[in-house]
């Protein structure tokens, strides 16, 4: 016999679909089938069932081999590492729940660490732009119910957020958008002809590294002022046509991703896109929204912000919170040799960081909390596997539009495995003892 | 549990009519009691002022727009953070404090209960996470209803009972406390870039007026008999001449009677009234209409108000009045954040500097004080700054100083660059009244508690109430030489007890207490129509499922305190 | 002028935060007292004397105090932070935040500096003999009030994001710069003797930029108006004069619309 669990929340990307259905065995120990999720989400659930799961912590030996140790021994190593380090970094947080993030913050405050999340290599630049110029935005249901002008700028949801277009942005028939995709005009800005670009009513193949110039030109076009013949490889007539399409809508939205957040200009690209959005509000209704990657990077930013005041790249080493990407952000801390211990959780910097930032991790005391074997766990001294968040344990998460949704537990983790939160609570309590004894 | 006796203090308690008499206050098992045993710990309150814990009726301290403010203003924390020390977690934020700092700062000033003024229902989990992480003080949150699709559709058809059933459902789903209304109808219009600036402007598509929304929500609120009344931020906030919109809004409540078992006597609470008391028709002839507004309030006893005092600081405005924030960024060109929330509401955030060198800001400062100084019944006029909109809540002691000391007001008036304009456009120069400590107790404790329907548990020092007790270093028998002493005394209490636990001693946190989340559990008759409408809207229009909407217990509301209401017939 | 010399003797394993190395903090102190001042390496608090040899007493006031910094301070941050008067000479290269939030006095660095030098400068003088990093004379994150007064002279090259949100003061770069010059500026003057790459004057509301060398890609929001002759940073030359950023909001002064000005040497 089986059980069907409904309203399950998919713990993969910032789309945070909450209409997933999961079929589990009657005893709740085996996950059998996943419905409604995209191919990535389905795999996120199903791969938790692999028979070759690592289920216990392992310590990297001198000769490169791994030795299994107990969770208690792992707690001891982690607490000692954090207690002794002069400037430890606790990085990641984006694939775990807010409850675990909060315990992590207690640990960071106690050990006077730096803490950061995956925004450091993703939408951190969006946050910098938001800090400079603000953010006119909305929830995803607004897009579904009202939007008739959609722009995907520097992002490819067909591949990166597969159900985004069907749940929110292109296809749904909402309250004021009964004609579904026929209600909407789509502009895609991307140097590449992606699967998303193929759907567009207009595809602007912007010259690489010149999004900032193109956005400036759009603002000039909105004002009806003089433009050079061509900007960023786009002829000015096309730019004016795009401006008119946007102006003529009644509710527009710009979605954007790594194509602008991590290319030349970075935060300035986002700053300019926000400026375009703000200008468009003089003519019609317009919003802008970052396509957050990890399913709970937004949550990490929220928890850091209400507890410490800043959304990422937080430095607690002086006993109070400081923030300045370029100084307190992870890539800089690693490449400049600023830190002497690293804890990674809910992310894979080994796979995503420049190699010059990964090498230092291998040279210092390090812990990687992750159910998987990853490039990060490979270079860390201690690997602590934990239950899959959103599959084997629940917990609150924040969607790309900051809406909080409580993930569900649908299946039991392998026997004896701890969750992030449970492991971190043990680390916190041990650290309290070590600090108290000092 | 512990016994305490606070001896020989000068007690100010409007609930019992005690106006500074020397009286002992006894605490046992978390409550105020008539007497305690000889083993009670003695707190020496000789030559000091004793009041109940203060009650914050309206502040933006927990939730998505508050956090958006934190995220987008790193400069709000530059050089002003407090380190981890003693019992305190680290804190930061001059105008938008982090949650730990929020709890500590309120407690140190003697506040023991606070209401988060506007909770977008879709984000209730976020609000509750922040409430959970705000130490010491009891908190509740007001879900917003004035731009809600269900409410607008039901009230267009005059369906008060259905509206009430929906309100009861939403209060439970979001663990909310009261019916909050912000810029009724105007914020839904804002989802199309429009607004409703008068109570008669119809909402696009929904074709209902703000007046109809306001009236209907008052009726639904009284049908349910909720502890608090409908709590409203009227249309047309912040614009010169808007006092007429305010009077139009107030008049809707005329003749309406409160119905409840909580001792509440008003049917409407008008919030941050300062922002709604403007005359003139441009910034050039901008003037105060505080007298006109307070004349009406004084005559109509079924209304309570809070002031929304401007404190002359650099601060951050944040409100569910989305179109207002867009208008404000057009004026001061500072960074503008906005979030439109599907089916429910919106929010906007813009920094603002209330400079004493700008005549408009100085006039706003005067208006906020005039409102309190014109108030005939301090049990119906409460002190707030609409934190952080008109100023940070940490400035309450300064506002109290200005209200209690004409000399302090004069010092500020003389420091204004455009003093002459302040005197010509407002009545502040001629006002001699100095609010007394007893009146302050009414305006910050007994009054707000009664308005919120919390008289059974807080706002006073009557035996049976929660032992929320504050001792201030202010001797009411000694004339105040320097008014700054008032501000100092109210900034850092000598002792604060919350539910019978000493949480602050000599201005320092000594315990995190055991805070509660206050919410209202209203029972209504089964209403299949409303339940069906809810299911349908989730299926078709919301972007989350119905089963994922409700803020369930565990990490969100770890220590709930539900006020039960039975509205079944 | 009294001179205090601090010489690096113990290069930190990590980085040192030396916000106490400032004439304002040293003023009125003897060498021994100065050596007792706190410095921070990560989450540990040490004494200046643990890392530096300290000699010489400070004057009674900041204005009369000079600090000479010798040795390898490439891992030392915040030298001269918030100083209001007096002088600092760094003989080598320093790390981040040199002269950040300074309001007066003079700092000379004989070598290079890293990011965030002269953040939100409010007065005084900063001279870099070598190269400057990114965010020279820029505002702190989120603040629309950047450098408002003071002068910066970099004899080498500078990085990206210089003069962001500048509202006043003057910056002269003898060499080349990276992307994003005077973004969001609302006043002030930036002079670049060498070449710029792109994104010069983006979102500028007011202020003046002079580029003696080349700009690889012009912002589309800059419109040519005329050619003028001007003397700039000691050099008289002909400049093509552009106004912009046309796409940005504009102020008016006495009924006239105000634009930022970009001058490129002809």
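Distance from the Cα centroid of region A:246-309 to that of region B:460-508 is 46 Å (rounded to whole angstrom). Annotation: the residues B:526, A:401, sorted from fewest to most other C-beta atoms within 10 Å of their own C-beta, follow the order B:526, A:401.
Taking Cα atoms only, the orientation of helix A:267-280 departs from the longest principal axis of chain A by about 40 degrees.
For region A:295-437, the direction-averaged projected area of the alpha-carbon convex hull comes to 9.8 nm². On the basis of the beta-carbon distance and an R0 of 30 Å, residue C:252 and residue C:195 show a calculated FRET efficiency of 0.30.
Among A:51, A:377, A:111, the largest mean-square fluctuation in a Gaussian network model of chain A (Cα springs under 10 Å) belongs to A:51. Between helix A:98-111 and chain A there is an angle of about 60 degrees, using the helix long axis and the longest principal axis of the Cα atoms. Among C:96, C:256, C:33, the largest mean-square fluctuation in a Gaussian network model of chain C (Cα springs under 10 Å) belongs to C:256. Per residue, the average separation of C-alpha pairs within less than 8 Å and at least 6 apart gives chain B a relative contact order of 20 percent. One way to sum up the overall shape of chain B is the equivalent ellipsoid from its Cα gyration tensor, whose semi-axes run 34, 29, 22 Å, largest first. Would you work out if region A:124-290 is rounded, prolate or oblate? Take a ≥ b ≥ c from the square roots of the eigenvalues of the alpha-carbon gyration tensor; rounded if a/c is under 1.5, else prolate when a/b is larger than b/c, oblate otherwise. Note, shape of region A:124-290 comes out rounded.
Of interest is the spacing of the C-alpha centroids, which for region B:136-175 and region B:34-93 amounts to 30 Å.
Gap in Å between the Cα centre of region B:344-375 and the Cα centre of region A:142-183? Using only Cα atoms to place each centre, the spacing works out to 40 Å. With neighbours defined as other Cβ atoms within 10 Å of a residue's Cβ, the residues C:253, B:215, A:223, C:238 order from fewest to most as C:253, C:238, A:223, B:215. For the options C:135, C:51, C:78, a Gaussian network treatment of chain C with springs between C-alpha atoms closer than 10 Å singles out C:51 as fluctuating the most.
Taking the alpha carbon gyration tensor of region A:2-47, multiplying each eigenvalue by 5 and rooting it gives semi-axes of 18, 11, 8 Å, largest first.
Computed over the alpha-carbon atoms, region C:115-265 gives an Rg to Rh ratio of 0.94, Rh here being the Kirkwood radius from the mean inverse distance.
The mean count of C-beta atoms from other chains within 10 Å of the C-beta of residues in A:395-402, rounded to a whole number, is 4. Counts of other chain beta carbons within 10 angstrom of each beta carbon in peptide C:211-219 average 2.
Quick note on chain C: its Rg to Rh ratio, both from C-alpha atoms and Rh being the Kirkwood radius, is 1.04. Pairs of Cα atoms nearer than 8 Å and 6+ residues apart set the relative contact order; for region A:305-438 it is 13 percent.
By the gyration tensor of its Cα atoms, with a ≥ b ≥ c the square roots of the eigenvalues, what is the shape of the protein assembly as shown: rounded for a/c under 1.5, prolate for a/b over b/c, or oblate? Since a/c stays below 1.5, the shape of the protein assembly as shown is classed as rounded. Taking a ≥ b ≥ c as the square roots of the eigenvalues of the Cα gyration tensor, region B:428-513 is classed as oblate, since a/c reaches at least 1.5 and a/b does not exceed b/c. Once the Cα atoms are used to define both axes, helix A:297-308 deviates from the longest principal axis of chain A by about 70 degrees. Here the sum of -39500 (n - 2.57) over DSSP H runs of 4 or more residues, divided by the residues of the protein assembly as shown, equals -7500 deg cm²/dmol at 222 nm, to the nearest 500.
Averaged over peptide A:1-13, the number of partner chain Cβ atoms lying within 10 Å of each residue's Cβ comes to 1. With contacts taken as Cα pairs under 8 Å and at least 6 residues apart, chain C reaches a relative contact order of 10 percent. Arranged from fewest to most other beta-carbon atoms within 10 Å of their beta carbon, A:32, B:343 become A:32, B:343. Short to long, the 10 Å bins of the Cα pair-distance histogram for chain A hold 5, 21, 29, 24, 15, 6, 1, 0 percent of all pairs.
Values in this text are rule-based calculations from the coordinates and carry no lab data. None of these values were measured; they are calculated from a predicted model. Here Cβ is always computed from backbone atoms with ideal geometry, including for glycine, and neighbour counts include all displayed protein chains.
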